[in-house]
1. Can you name the residue in segment 173-193 that is over 20 Å from the mean Cα position of the chain (by Cα) and of a type in the set (Gly, Ala, Ser) and is also surrounded by the fewest Cβ atoms within 10 Å (Cβ to Cβ) among such residues?
2. Within segment 5-40, restricting attention to residues that are under 25 Å from VAL194 (Cβ atoms) and basic (Lys, Arg), which residue is farthest from the chain's Cα centre (by Cα)?
3. What is the residue count in segment 1-40 for residues that are in a loop (DSSP other than H, G, I, E, B), in contact with a strand residue (DSSP E or B) (Cβ under 9 Å, 6 or more places away or on another chain) and not β-branched (Val, Ile, Thr)?
4. Assess whether LYS218 counts as being within 17 Å of VAL19 (Cβ to Cβ), at pLDDT below 95, surrounded by 15 or more Cβ atoms within 10 Å (Cβ to Cβ) and out of contact with any strand residue (DSSP E or B) (no Cβ under 6 Å at 6 or more places or on another chain).
5. Can you tell me which residue in segment 154-172 is modelled with the highest pLDDT, limited to those that are among the hydrophobic types (A, V, I, L, M, F, W, C) and more than 19 Å from the chain's Cα centre (by Cα)?
6. Which one of the conditions (1) within 21 Å of the chain's Cα centre (by Cα); (2) among the hydroxyl-bearing types (Ser, Thr, Tyr); (3) surrounded by fewer than 17 Cβ atoms within 10 Å (Cβ to Cβ) does THR64 fail to meet, given that it meets all the rest?
7. Going by the structure shown, is ALA97 of a type outside the set (Lys, Arg), buried (at least 23 other Cβ atoms within 10 Å of the Cβ) and either over 21 Å from the mean Cα position of the chain (by Cα) or modelled with pLDDT of 95 or more (or both)?
8. Check ARG48, ARG43 and return the single one that is modelled with pLDDT under 95, part of a helix (DSSP H, G or I) and over 17 Å from LEU197 (Cβ atoms).
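The values are calculated or read from the model by the stated rules, or taken from the named source; none is laboratory data. All of these numbers come straight from a predicted model, not from anything done at the bench. Glycine also receives a Cβ, built like all others from the backbone with ideal geometry; neighbour counts cover every protein chain displayed.
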Amino acid sequence: MLELHQFEASHYSEKVRLVLDYKQLPYKTIEVSPGIGQIELYRLSGQRQVPVLKDGDVVIPDSTAIARYLDKKYPERPLIPTEPKQKGLCLMMEAWADESIGLNGRKAMIGAFNQHPNFRTALLPVSTPELVKSVIGAVPGDVLNLLGTGVGFGSDAVKSATEILRQDLEALCLILGTQPYLCGDQPTLADFAVAGLSMYLKFPSAVYVDLPMGICDKGVPGLADDPAFSTFWQWREQLYRDFRKQRSTRPSAGAPVTDGATGPVAIGID
């Protein structure tokens with residue numbers, strides 16, 4: 001069976017989970033523990049970042065490489081069009097989603113954590129003691145902004161990322177206002193990349209990812225709740241309903257999980 005080495009809360013891992021569910025491929029997830037687990041991941045794949053897919057003796061790091069491998073090895077329900085123009089648009093949009101929505105989405109989410117204590121604490125694992133939640137929620141946003149500045153997540157970086165994402169969402173709404181999917185009448189890798197990588201802007205409204213219930217349908221203020229972007233969010237919800245397997249149970253920590261379900265919570269950023 002396919003093994004997906006992942007962080008449950010990683011939007012790049014979610015991109016791969018969407019692809020696996022769309023292709024209806026059974027798989028199990030291996031939750032990578034930040035730190036020591038990444039050392040083991042490096043031994044397996046030559047890198048510390050998730051996601052990494054293991055298919056028998058074949059090990060594939062990187063979400064794009066995984067998607068292209070799956071499309072070649074398991075051609076049913078193809079992800080990448082064969083017609084040259086459509087293929088070019090699909091690959092270009094998937095790369096754009098990785099670089100723009102993926103990277104800027106991380107900054108925007110951290111900015112939302114800094115400024116909105118309720119959003120910040122909602123993403124903590126359900127086992128987090130209430131005292132810890134209250135301490136994290138009470139840290140002033142200005143302090144978190146100051147701490148984030150040195151690593152590229154200061155207020156100016158967050159503001160710039162948010163403006164770029166507003167342009168991205170506007171462009172996506174314009175495309176989706178005239179056709180059902182980003183490259184035409186059939187879903188492609190571009191759709192699953194955009195849908196999965198936008199998870200940090202707004203979490204799905206149902207439990208597709210093993211995160212605390214309080215985070216469902218929450219998102220970055222100004223992006224998740226702006227009516228101007230409702231076309232995109234409605235489209236993404238429909239994509240999830242059509243192709244993503246919803247969780248029916250929440251497994252206990254350490255329990256094996258198969259058939260498209262995801263593993264226990266471990267909050268980490270790839």
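1. GLY177
2. Only one residue fits best here, namely LYS23.
3. Going through segment 1-40 one residue at a time, the tally reaches 5.
4. Taking the combined requirement at face value, the residue does not satisfy it.
5. ALA171
6. (3)
7. Spelling it out, ALA97 is indeed of a type outside the set (Lys, Arg), buried (at least 23 other Cβ atoms within 10 Å of the Cβ) and either over 21 Å from the mean Cα position of the chain (by Cα) or modelled with pLDDT of 95 or more (or both).
8. Going through ARG48, ARG43 in turn, just one is modelled with pLDDT under 95, part of a helix (DSSP H, G or I) and over 17 Å from LEU197 (Cβ atoms): ARG43.
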